[in-house]
1. With the requirement that a residue be closer than 26 Å to residue 106 by Cβ and touching a strand residue (DSSP E or B) at 6+ places or on another chain (Cβ under 8 Å), what does segment 226-239 give you?
2. Could you grab me the full set of residues in segment 250-265 that are surrounded by fewer than 18 Cβ atoms within 10 Å (Cβ to Cβ) and more than 14 Å from residue 28 (Cβ to Cβ)?
3. Considering every residue within segment 158-177, establish whether at least one is at pLDDT below 95, touching a Lys or Arg at 6+ places or on another chain (Cβ under 8 Å), aliphatic (A, V, I, L, M) and not in a strand (DSSP E or B).
4. Residues of segment 28-52 being of a type outside the set (S, T, N, Q), modelled with pLDDT of 95 or more and open to solvent by 40 Å² or more (accessible area, probe 1.4 Å), which ones?
5. Within segment 197-206, is there a residue that is part of a strand (DSSP E or B), closer than 18 Å to residue 94 by Cβ and touching a residue at least 60 places away in the same chain (Cβ under 8 Å)?
6. May I ask you to list the residues in segment 142-157 that are open to solvent by 40 Å² or more (accessible area, probe 1.4 Å) and either in a helix (DSSP H, G or I) or under 16 Å from residue 231 (Cα atoms) (or both)?
7. Can you pull out the residues in segment 207-232 that are touching a residue at least 60 places away in the same chain (Cβ under 8 Å) and in a loop (DSSP other than H, G, I, E, B)?
8. Within segment 198-213, how many residues turn out to be out of contact with any Phe, Trp or Tyr (no Cβ under 9 Å at 6 or more places or on another chain) and open to solvent by 10 Å² or more (accessible area, probe 1.4 Å)?
Amino acid sequence: MFVNKLTISSLFSVLLLSFSGTLYAGEDPTLRAMLPENIRTAGVVNVASDYPFPPYEYFNAKNELTGVEYDLTQEVGALLGVKFEWHKQPFDGIIPGLAAGKYDIALSAITDTTGRQKVVDFVDYSISQNAMVVPKGSDVKGILDMCGKRMSTQRGSNGEAEIAALSAECVKKGKPPVEAVVLPSGSDVHLAIKAGKADASTNEAATAAYIAQTVDGGKAFDFVIYADLANQRQPIGMAIPKDKPQLRDAIQAALQRLIDNGTYKAIMLKYNITPLSVEKIEINVAKDGVNGHE
C-alpha cells in the first residue's frame, strides 16, 4: 500500500501573497455583450455559496470575504462590468436554489459530476482530489484504515456516497463498516474530530491542507491524500442553471481571458494551489463514474 502523505508546505503556504483588488481586469465590451440582457441591466450576478470553505471562500483577518473562488469572481465581474453578490446558502440547498431561479451561479468548491450536470452546467476552472483530515498523530494512513471507524462529512456533499462506498469495500474485505457522521456544515465536520465524535473527515485536498496548517497553529490535524483505493482527480466548477447558457458562455470566456492574461495564475499562486490549475476553461468536463468530495 502506497500512502501519499504530503507535507503542508508542498501544497500550501501559511503566508499568502499580498493581493487586493483586481490585477489586470478592466471592462471588456465584447465579453460584456455576451451577458444576458437582464444581467447587463441589473449589473449583478447573484452567487450561492456555503462559505466559509477555505481556501475557496472564507473570511480574512478583517472579516472580509476572500478566497480562490471569491477572487476569481471579482476579476470576472470586472471584465464583464457586473458585480458578483455572494449569498450564504447551506450546501444541500445550493443546486435546488439554482434550479428554482433564486441564484444565477453557485461556487463552493463544487465537484462537476454527471449527476449534477442533469440540473446545471459547470464552467470548470480547477481540478481536485480527495483527502482526509485526521487528528494529529492518528494511526490512519490510508482510506482503508477507516474500516470500523467514524468518518464525518457535510450533508449534501458527495462525501455521503464516498463513505457508503468505502463501507461496502470494508465489508467486502471482511472488515467492519465505516460509520458515517453527517453534519450540516464544513466547520461542524472538523469540530466533530476535535470533540472525539469522528476519527477522520473526507475532504477536498486543498481544503484538507488548509485546515491542517491553520487550526490551532497546525497542531490539531494532519491531512492524508490516500492511494490505497482509487482516488482520481476531479474537475471543480462554477455551477450555472441550464436555462442560462449566455451567462455560462460569458463566464467561460472571461475566465479564459484571466488565464491568457496571467490573472488566473496569480490567484492560484496566491493561495498556493498552482498544482490544481487548468490550462483551458471547459464546460461539463466530468464523465460517468467520476465522483468528488463536495
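1. Of all residues in segment 226-239, those closer than 26 Å to residue 106 by Cβ come to 231-239.
Answer for segment 226-239, where residues must be closer than 26 Å to residue 106 by Cβ and touching a strand residue (DSSP E or B) at 6+ places or on another chain (Cβ under 8 Å): 231, 233, 234, 235, 236, 237, 238, 239.
2. Within segment 250-265, 259, 262, 265 meet the criteria.
3. Checked against the condition, which is being at pLDDT below 95, touching a Lys or Arg at 6+ places or on another chain (Cβ under 8 Å), aliphatic (A, V, I, L, M) and not in a strand (DSSP E or B), segment 158-177 yields no hits at all.
4. Hits for segment 28-52 are 29, 32, 33, 34, 37, 40, 42.
5. Pass one, segment 197-206, residues part of a strand (DSSP E or B): 200-204.
Now narrow it down to the ones that are closer than 18 Å to residue 94 by Cβ: 203-204.
Going one step further and asking which of them are touching a residue at least 60 places away in the same chain (Cβ under 8 Å), we end up with 203-204.
The answer is yes, given that some residue of segment 197-206 is part of a strand (DSSP E or B), closer than 18 Å to residue 94 by Cβ and touching a residue at least 60 places away in the same chain (Cβ under 8 Å).
6. Kept after step one, since they are open to solvent by 40 Å² or more (accessible area, probe 1.4 Å), are these residues of segment 142-157: 145, 148-150, 155.
The one that is open to solvent by 40 Å² or more (accessible area, probe 1.4 Å) and either in a helix (DSSP H, G or I) or under 16 Å from residue 231 (Cα atoms) (or both): 145.
7. Applying the first criterion (touching a residue at least 60 places away in the same chain (Cβ under 8 Å)) to segment 207-232 yields 207-214, 218-229, 231-232.
Correct list: 219, 220, 226, 227, 228, 229, 231, 232.
8. 1
The values are calculated or read from the model by the stated rules, or taken from the named source; none is laboratory data. All values reported here derive from a predicted model rather than from experimental measurement. Heads up, the Cβs are rebuilt from the backbone with ideal geometry, glycines too, and the neighbour counts pull from every protein chain shown. Ligands, DNA and RNA are excluded from the accessible area calculation, which covers all protein heavy atoms including side chains. Shrake-Rupley method; radii C 1.70, N 1.55, O 1.52, S 1.80 Å.
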